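So the structure is just underneath, and the comments pick up after that.
The values are calculated or read from the model by the stated rules, or taken from the named source; none is laboratory data. The model shown is predicted, which means the values in this text are computed figures rather than measured ones. Here the Cβ positions follow ideal geometry from the backbone for every residue, glycine too, while neighbour counts run over all protein chains shown.
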Amino acid sequence: MRLEELFACATGADREQNVAAPRDTLKTRRRVDIFVRIGVLGLQGAFSEHVDAVRAAFARAGIDGRVATVRRREELEALDGLIMPGGESTTISKLLRTFDLHDLLVRRATQEDFPILGTCAGMILLSTEGDGQVERTDTRLLGLMDMSVNRNAFGRQRESFEASLDIKGFDAPVPGVFIRAPAITRTWGACEALGTLGEHIVAAQQGNRLAIAFHPELTGDTRVHERFVDMVRRWR
Ligand code: GLN
């Protein structure tokens, strides 16, 4: 199946809805009617909620966009932006190699500044430096952000919890659902920390790469996805 058809299947019926339901009236927000393609890496983990969140973000921005889960090289090649979801980072890293996507992703990001949003396990994979668990499990990081991660920073007692977070670039606190969540222990170079929870860095950005330790797709608050959609639109 051609990529265009794939996107048509995944989103076809929603097209009108995507372009016709901005949150603000057209008087207050200019409609940016362009075609952007965002993929959600569908190898393992929590990907379908991201598809819904991206659709909502397209609608709010008044952008004509397509979103679908992707697994193949030719799909990745045709995208304007990719979301790497939460899940199990060792498994996703192995599948990235099995599906021959690892090097392509690194090439697109380093040569084209291709936009990537990594949440939770996706955030771990974006980083340059992991912890002992990353090394022991032969998890191959993409090395696309100058940051070091602790894979299960919040420990067993706090396997899953919610917190309200102040994140740079958002005018009101962002609700965060943390599930066996990682944290960023330090950033350097061009990587900027955007928000913390206690001593843990939970959001960072480097160029067109956005790393989020929690699950923004599970709250119904689509502002993280709106920010990513805006990055993709500008890049394109
Ligand atoms: N801690 C998990 C890992 O190491 C990530 C958890 C998540 O994505 N919800 O892969």
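At-a-glance table
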item: The range 156-179 - residue that is within 11 Å of the ligand (Cβ to nearest atom) and either small (Gly, Ala, Ser) or touching a helix residue (DSSP H, G or I) at 6+ places or on another chain (Cβ under 9 Å) (or both) and, of those, farthest from Pro216 (Cα to Cα); result: Ser160
item: Matching residues, the range 45-55, being assigned to a helix (DSSP H, G or I) and crowded, with 20+ Cβ neighbours inside 10 Å; result: His50, Val51, Ala53, Val54, Arg55
item: Residue check, Leu76 surrounded by fewer than 22 Cβ atoms within 10 Å (Cβ to Cβ) and within 16 Å of the ligand (Cβ to nearest atom); result: no
item: Qualifying residue in the range 101-116 (condition: at pLDDT 95 or above and either in contact with a His (Cβ under 9 Å, 6 or more places away or on another chain) or within 13 Å of the ligand (Cβ to nearest atom) (or both)); result: no
item: Candidate set: the range 56-71, residues that are outside any helix (DSSP H, G or I) and out of contact with any Leu (no Cβ under 8 Å at 6 or more places or on another chain); chosen: the one surrounded by the most Cβ atoms within 10 Å (Cβ to Cβ); result: Val67
item: Which listed residue is away from the ligand (no atom under 14 Å from the Cβ), touching a Lys or Arg at 6+ places or on another chain (Cβ under 8 Å) and modelled with pLDDT under 95, from Gly62, Gly42; result: Gly62
item: Scope the range 180-197; condition within 16 Å of the ligand (Cβ to nearest atom), of a type outside the set (Ser, Thr, Tyr) and more than 16 Å from the chain's Cα centre (by Cα); matching residues; result: Arg180, Leu197
item: Residues that are part of a strand (DSSP E or B) and under 18 Å from Arg227 (Cβ atoms), drawn from the range 164-181; result: Ser164, Leu165, Val174, Pro175, Gly176, Val177
